[in-house]
């Protein structure tokens, strides 16, 4: 099958499609023994041999894990500081990678897969996939600030808005966003002079965390995303 090299690497669980492009441009990928740095390169997945860091890349069956990520774990394929990584909480083979971000100080629903196409659909801004969070604050949130979260708060990337926000107790809110900027909710609340005590993602698209125990995962099927 003819496909883009970056897509093949993504489907094989090496990295997300965007990360795969970085690997290609940095000269870490070979096709039939030759280094390839052109991002638009196409390969024949049935005929060509692809190498990453001089190791043959094999296209695995696609797998999908829904993990209840604990606080203290990072979401990354690459870490020079040897910190706790979510990849240690799921099977090592076939290799998977996290879908999107959930920062080290946050917990809750995190998807891991080797399906590059699904990752693209869940993370690209044009698809506007909604994510729901429960956030505990250091003080009671005011009604005027709930309105500000919905009307928009200016961050460096632009105006950050909550799609929905609900006060469920004096110190806790339920908030839904479709933007995926780095530490977005923490920065939005910090701009309103609140400190986040805990942040838990409970939904992403049609998937819900439910009663999955902290640090545990369950296996999903591609049909769960349709």
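The values are calculated or read from the model by the stated rules, or taken from the named source; none is laboratory data. This structure is a prediction, so every number in the text was calculated from the model and none was measured. Please note: Cβ atoms are built from the backbone with ideal geometry, for glycine as well, and neighbour counts cover all protein chains shown.
Observations on the structure shown:
- Failed item in (1) assigned by TED's automatic domain parsing to the domain that holds residue 191; (2) surrounded by 15 or more Cβ atoms within 10 Å (Cβ to Cβ); (3) in contact (Cβ under 8 Å) with a residue 24 or more places away in the chain, with residue 161 passing the rest: (3)
- Among the candidates 223, 166, 218, residue that is surrounded by fewer than 18 Cβ atoms within 10 Å (Cβ to Cβ) and more than 30 Å from residue 92 (Cβ to Cβ): 166
- Meets criteria (touching a strand residue (DSSP E or B) at 6+ places or on another chain (Cβ under 6 Å), outside the structural domain of residue 6 (by TED's automatic domain parsing) and more than 21 Å from residue 217 (Cα to Cα)) for residue 96: no
- If the condition is being surrounded by fewer than 22 Cβ atoms within 10 Å (Cβ to Cβ) and either in the same structural domain as residue 221 (by TED's automatic domain parsing) or more than 18 Å from residue 201 (Cα to Cα) (or both), then the range 116-127 contributes 117, 118, 120, 121, 124, 125, 126, 127.
Rundown of residues vs (1) farther than 23 Å from residue 181 by Cβ; (2) buried (at least 19 other Cβ atoms within 10 Å of the Cβ); (3) touching a helix residue (DSSP H, G or I) at 6+ places or on another chain (Cβ under 7 Å), yes/no style:
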residue	(1), (2), (3)
22	no, no, no
43	yes, yes, yes
55	yes, no, no
61	yes, no, no
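- Considering 200, 156, the condition of being closer than 18 Å to residue 66 by Cβ and not assigned by TED's automatic domain parsing to the domain that holds residue 100 is satisfied by 200 alone.
- Scanning the range 185-210 for residues that are buried (at least 20 other Cβ atoms within 10 Å of the Cβ), outside any strand (DSSP E or B) and within 18 Å of the chain's Cα centre (by Cα) yields a count of 2.
- Filtered residue count, the range 7-20, keeping only those that are more than 16 Å from residue 62 (Cα to Cα) and either buried (at least 19 other Cβ atoms within 10 Å of the Cβ) or over 17 Å from the mean Cα position of the chain (by Cα) (or both): 1
- When residues of the range 144-156 are limited to those that are within 18 Å of residue 171 (Cβ to Cβ) and touching a strand residue (DSSP E or B) at 6+ places or on another chain (Cβ under 8 Å), the one surrounded by the most Cβ atoms within 10 Å (Cβ to Cβ): 149
- Identity of the residue in the range 169-184, in contact with a helix residue (DSSP H, G or I) (Cβ under 7 Å, 6 or more places away or on another chain) and crowded, with 16+ Cβ neighbours inside 10 Å, that ends up farthest from residue 141 (Cα to Cα): 177
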